[in-house]
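A short worksheet on the structure shown next.
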Amino acid sequence: MKKLIILFLLTSTIFSTAQTKVSGSYHVDSGNPDDGGYNWILLENHRFVMATFGQVILGTWSMDNDSIISFIPSTPKYPFDVYGRYDAGQKGTKVMFDNFERDTKIYMGNSEQGIQPVLNDDANCFSYPMVKEFGSNFKDIILSVALFDQAKDLHYVAENKRYNNFIVMYYSSAVRQKPFTAKFKEGRLYFRSEDRPSSLKKDLQPAELKEMETFINGGVSGFSKESIISNLAYNMEAYGPGERSMQEDFDEESYLNYNYNYDASKEVYTAKHPEGASEDDEYHNLDTMYKYHRMELKPQQKSYKKIEKSIFSITCKD
């Protein structure tokens, strides 16, 4: 829903008046009449957003003396983030796998037992959340994914001394965009070809500019947060950081303090005015929320024992 709103705002700005500054909106034709092309907004504070069908890229931009604009997408440092918390009632280790894809071979495990594929090769159906409970306590979490531009296997290790409940987030190559450049000339952007420039730059209207600044500035720092909040059904969006983050001056900490009582010893938020939810809709039960902390990942090229059996085996009939 959010992406559709942003695409609409970006497309609507094409009809604004032109200006000579770099900041403004641009449209680049993709050559495919069905996808709407690429819609760009460059703000004066050097933030940018690019939106096309099914994808939104946020980041920062700068321009040199030769009118070459460098775009630095806001992307996670590594393909993974690991968040953890301690649950006194949890035996062994519990892991939720977020954003994992069937077409990507990802391994997860620990240094004592080795690593194994998260998904089977012919996995073809998924449900949310993907959760696995392990009988042992993990002293570390090891993750690995094969990348096309990576000569050797690279493992990401999160050392663990206190947590037993984890959320592992995977960021695909579509999210982890590399920096790129464009030439700015006579009010247009030229990315790869002189034959296919962008539309002439258009100004943003004040109301559109204000909304886009809120979205872009929030999105640039949206990855790899120091902590995340989730309920037991792993709803990490509805209570605030998702749709409410589009509101002007939304502050996550203030929202939580106003609506919840916080038990620092257990790191649990309890709603001051519980609303409840039906038994078959625990995903929207926001009365109790749990705080997870981001764990430091260390890249290593060390070899680990590989187990062939996958953690999940999910194959459905066509």
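The values are calculated or read from the model by the stated rules, or taken from the named source; none is laboratory data. Note that this is a predicted model, so its numbers are computed, not measured. Methodologically, a virtual Cβ is constructed for each residue, glycine included, from the backbone with ideal geometry; neighbour enumeration extends over all protein chains shown. Heavy atoms of the whole protein, side chains included, go into the accessibility calculation; ligands, DNA and RNA do not. Shrake-Rupley method; radii C 1.70, N 1.55, O 1.52, S 1.80 Å.
Some notes on this structure:
- Solvent-accessible surface ranking, highest first, for Ser303, Ser136, Ser23 at 1.4 angstrom: Ser303, Ser136, Ser23
- Per-residue packing, averaged as other Cβ atoms within 10 Å, sorts the ranges 59-69, 158-168 into the order 158-168, 59-69, beginning with the highest.
- When the P(r) is computed for the range 45-85, the part past 15 Å accounts for 58% of the Cα-Cα pairs.
- Relative packing of peptides 40-46, 27-33 - highest average C-beta neighbours within 10 Å first: 40-46, 27-33
- Two-site label geometry, Asn65 and His284: point separation in nm, points 7 Å out along Cα→Cβ: 6.0
- Set Lys105/Lys302; Lys161/Lys272; Lys139/Lys309; Lys139/Lys225 screened for pairs whose C-alpha atoms are more than 28 Å apart: Lys161/Lys272
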